[in-house]
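The structure under discussion appears below in the form of C-alpha cells.
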Amino acid sequence: MGNYAEVWVGSFYLGRTKSQADPQLMKLFRESDRKVVHCKKHDLPFRERLWFDHVKDDEDITAFYYSAPVRTIRDHLELRGYTLATAKSAFSLCLQAEANCYPEWRKHFNLLTQASADQWLEAMRSIKQHAPGDDRDCQVGKLVSLVLDVDWYGCPGPDLNVPLRLALEVCEDGDEVICDLTDLLLAEYEYVSPDENFGTYERGLTGGLEYPNGKTIILTEGHSDCWIIFESLKVLYPHLTEYFAFMDFEGLRIPGGAGNLANIVKAFAGAGIVNKTIAVFDNDTAAEDAIRPLQDLRRPANIRILRLPELTFLHEYPTVGPTGTSITDVNGYAASIELYLGRDVLADGNGNLPPVQWTGYNTGLRKYQGEVLYKNAIHERFRHRLQACARNPELLKETDWAGLRAILSAIFVAFHDLDGERIIDALKEHYDQ
C-alpha cells in the first residue's frame, strides 16, 4: 500500500505522491503555510483524506499539511512560467509521449489524446461540481468516466505543476490548495517530521541566486524607483517578494539615471550574470535614448529591458513649458514612476495634479523630455498611503493602484516565454531518455 502525500483543493482531491512530498509542488508553499494540528480524529478540520478511515475515532492524531489560497498558488506557478497556455501545451505533449512509450495503455491514452486540454478542464469542472458529464458533449462525458478514479485525473508526465495549474482553472480564488503530509507521518518509518521546514528548504531561494530557480534581479534608474516597486510588491503581492532581489542604490552609492542603468545592463551582460534580470526604465525620452545602444548589444536571454507601460490616464495630463500650460499625452516623453502612483497620490489637497515641466529637447530623437514637479510631496503622500494600506489591507480596494499593478504585471510576465520553453524542453528531454 505505502504512504502518500495528498494534494487537494478544498474537498476536491487531485492526486498523490508516494513516500514523499513532490519537491516541485513544495516550492509553491511558504513556511508560513505550514499547519500542524494535534487533536482527536473527530476534531480534525477535514474528513476526506484517503488515510482518514485507517485512524480510530478516539485516536490522538497529528495532522501535518501545507495550505495556501488558489490565487497565491496560481501566482507562484505563473511566475515560474506555468501559464495556462504552457500548461495546455505540456498536457498535450505528455499525453502523446506517454501513448507512444506505453503501448499497453494505448486504449486508455487514445481517448485522452483525442481530447483537448479544454475538454479535460470541462471534465475536471464536472467532477469538482459532482456533476455527470455534459450529455451534450459525449467526449467530456467519456473523459469523466475514464479519469474519475485515476490520480491526477489521467494527466500524465513527471511535472505535477502541469495538472495542478490546469486544475486551478476550475477552482475559486478563495479555495485552499492543500498538500497533506499526514499519511507520511503515520508511516512505520515516518517519512517526514512536522518540524521539517519544507516551505523554505524546497523553494531553494534562500541560498545562491542562480537561474532558473534563483531570484530575479530588478534594476531601476534610481533609489526612488527601486523603493516604490519593492514596497508596492510587498503590499500588493506579499507572497511573491522572495522571488525578487533589488539593487541597493544607497548602500553601494550607485548613481542613478537612465544612462547609468544602461551601463549596469552592459556590465551584467559582460560579466555573465546567470540570474534572470529585468532593467526597468522610465517611459520617457531619456530612457528611450539610453536604451537605443542596448538594442545592438548581444544580451543573453536572461536579461530583459522593460519600459514602464503606457497608461491611458497619461494620454491627457497637465504640462507646463515656455508657451504656458497645456494638456498633453506624456507617455514616452515624461512618464517617470511618480505618474504611476495613482491619482489619489498625485493630486494635492485641492484635487490638482502636479504638472509635467518640459526640461529639454533631444535632437537625436526629436522629442522633448519632461519631469513631473513636486516629487518630494508625491513621495510623501505615497508613503502615507503605503502605511495606511499596510495597517488596513481593505484600503487596497479603495485606493488607486492601477499604474503600479501594471508595472508589476509587466515584471511578472517578462520571462514567460523563456520559462515556458524551459518547461517544455525539460519534458521533451524526459521522454527522449
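Starting from residues that are part of a helix (DSSP H, G or I) and under 18 Å from Tyr65 (Cβ atoms), keep the ones in the stretch 152-167 and report whichever is nearest to the chain's Cα centre (by Cα). Working first, answer last.
Quick first cut of the stretch 152-167, residues part of a helix (DSSP H, G or I) only: 152-154, 161-167.
Then drop every residue that is not under 18 Å from Tyr65 (Cβ atoms), which leaves 164, 167.
Working: Leu164: 14, Ala167: 16 Å.
Only one residue fits best here, namely Leu164.
Considering only the stretch 83-95, I want to know if a residue exists there that is farther than 29 Å from Trp120 by Cα and either at pLDDT 90 or above or in contact with a Gly (Cβ under 6 Å, 6 or more places away or on another chain) (or both). Walk me through how you get there before you give the answer.
First, the residues of the stretch 83-95 that are farther than 29 Å from Trp120 by Cα: none.
Within the stretch 83-95, none of the residues are farther than 29 Å from Trp120 by Cα and either at pLDDT 90 or above or in contact with a Gly (Cβ under 6 Å, 6 or more places away or on another chain) (or both).
Any idea how many residues of the stretch 296-318 are in a helix (DSSP H, G or I) and either polar (S, T, N, Q) or under 21 Å from Asp248 (Cβ atoms) (or both)?
So the count comes out to 1.
Would you point out the residue of the stretch 382-433, among those that are basic (Lys, Arg), touching a residue at least 12 places away in the same chain (Cβ under 8 Å) and under 25 Å from Leu314 (Cβ atoms), that is surrounded by the most Cβ atoms within 10 Å (Cβ to Cβ)? I'd like the intermediate steps shown before the answer.
The initial filter retains those residues of the stretch 382-433 that are basic (Lys, Arg), namely 383, 385, 391, 397, 405, 422, 428.
From the residues that got through so far, the ones that are touching a residue at least 12 places away in the same chain (Cβ under 8 Å) too are 385, 405, 422, 428.
Next, from what is left, pick out any that are under 25 Å from Leu314 (Cβ atoms): 385, 405.
Working: Arg385: 20, Arg405: 15.
Filtering first and then ranking leaves Arg385.
Might you let me know whether the stretch 339-350 holds any residue that is among the small types (Gly, Ala, Ser) and either touching a Gly at 6+ places or on another chain (Cβ under 9 Å) or not in a loop (DSSP other than H, G, I, E, B) (or both)? Please lay out each step first, then the result.
As a first pass, look at the stretch 339-350 and keep what is among the small types (Gly, Ala, Ser): 342, 347, 349.
Retained after the next criterion (residues that are either touching a Gly at 6+ places or on another chain (Cβ under 9 Å) or not in a loop (DSSP other than H, G, I, E, B) (or both)): 342.
Yes.
Kindly evaluate Asp296 against the criterion of being surrounded by fewer than 16 Cβ atoms within 10 Å (Cβ to Cβ) and among the acidic types (Asp, Glu).
Working: surrounded by fewer than 16 Cβ atoms within 10 Å (Cβ to Cβ): yes; among the acidic types (Asp, Glu): yes.
It is true that Asp296 is surrounded by fewer than 16 Cβ atoms within 10 Å (Cβ to Cβ) and among the acidic types (Asp, Glu).
Would you point out the residue of the stretch 36-54, among those that are basic (Lys, Arg) and surrounded by 15 or more Cβ atoms within 10 Å (Cβ to Cβ), that is nearest to Val150 (Cα to Cα)?
Ranking the candidates gives Arg49 first.
Collect the residues in the stretch 281-293 that are surrounded by 14 or more Cβ atoms within 10 Å (Cβ to Cβ), out of contact with any Lys or Arg (no Cβ under 8 Å at 6 or more places or on another chain) and under 21 Å from Ala414 (Cβ atoms), keeping them in residue-number order. Break it down into steps so the answer makes sense when it comes.
At the first step, the residues of the stretch 281-293 found to be surrounded by 14 or more Cβ atoms within 10 Å (Cβ to Cβ) are 281-291.
Subsequent filtering for residues that are out of contact with any Lys or Arg (no Cβ under 8 Å at 6 or more places or on another chain) retains 284, 286, 289-290.
Passing the criteria: Asp284, Ala290.
Given the conditions (1) more than 18 Å from Glu169 (Cβ to Cβ); (2) modelled with pLDDT of 90 or more, which single one is not true for Asp135?
Result: Asp135 passes all but (2).
Only one of (1) under 25 Å from Ala123 (Cα atoms); (2) surrounded by fewer than 15 Cβ atoms within 10 Å (Cβ to Cβ) is not met by Pro69, so which one is it?
(2)
Output yes when any residue across the stretch 349-365 is touching a residue at least 60 places away in the same chain (Cβ under 8 Å) and either surrounded by 12 or more Cβ atoms within 10 Å (Cβ to Cβ) or of a type in the set (Phe, Trp, Tyr) (or both), and no when none is.
At the first step, the residues of the stretch 349-365 found to be touching a residue at least 60 places away in the same chain (Cβ under 8 Å) are 362, 364-365.
Subsequent filtering for residues that are either surrounded by 12 or more Cβ atoms within 10 Å (Cβ to Cβ) or of a type in the set (Phe, Trp, Tyr) (or both) retains 362, 365.
Yes: the stretch 349-365 contains one or more residues that are touching a residue at least 60 places away in the same chain (Cβ under 8 Å) and either surrounded by 12 or more Cβ atoms within 10 Å (Cβ to Cβ) or of a type in the set (Phe, Trp, Tyr) (or both).
Looking at Ala347, Ala410, Ala377, Ala390, which one is modelled with pLDDT of 95 or more and within 22 Å of the chain's Cα centre (by Cα)?
Details: Ala347 fails: within 22 Å of the chain's Cα centre (by Cα); Ala377 fails: within 22 Å of the chain's Cα centre (by Cα); Ala390 fails: modelled with pLDDT of 95 or more.
The conditions single out Ala410.
What's the number of the condition Arg299 fails, among (1) of a type outside the set (Val, Ile, Thr); (2) under 15 Å from Val372 (Cβ atoms); (3) touching a strand residue (DSSP E or B) at 6+ places or on another chain (Cβ under 9 Å)?
All conditions are met except number (2).
Can you confirm whether Leu205 is modelled with pLDDT under 90 and among the aliphatic types (A, V, I, L, M)? Working first, answer last.
Details: modelled with pLDDT under 90: yes; among the aliphatic types (A, V, I, L, M): yes.
Criteria met by Leu205.
Take Val55 and tell me if it is in contact with a Pro (Cβ under 9 Å, 6 or more places away or on another chain) and in contact (Cβ under 8 Å) with a residue 24 or more places away in the chain.
Details: in contact with a Pro (Cβ under 9 Å, 6 or more places away or on another chain): no; in contact (Cβ under 8 Å) with a residue 24 or more places away in the chain: yes.
Criteria not met by Val55.
So, in the stretch 20-75, how many residues would count as being assigned to a loop (DSSP other than H, G, I, E, B) and within 18 Å of the chain's Cα centre (by Cα)? Walk me through it before giving the result.
First pass over the stretch 20-75, keeping only residues assigned to a loop (DSSP other than H, G, I, E, B): 20-22, 27-30, 44-51, 55-59.
Filter once more, so that each one left must be within 18 Å of the chain's Cα centre (by Cα): 27-30.
Residues meeting the conditions: 4.
The values are calculated or read from the model by the stated rules, or taken from the named source; none is laboratory data. Computed from a predicted structure; not experimentally measured. Neighbour counts run over all protein chains shown; Cβ positions are idealised from the backbone, glycine included.
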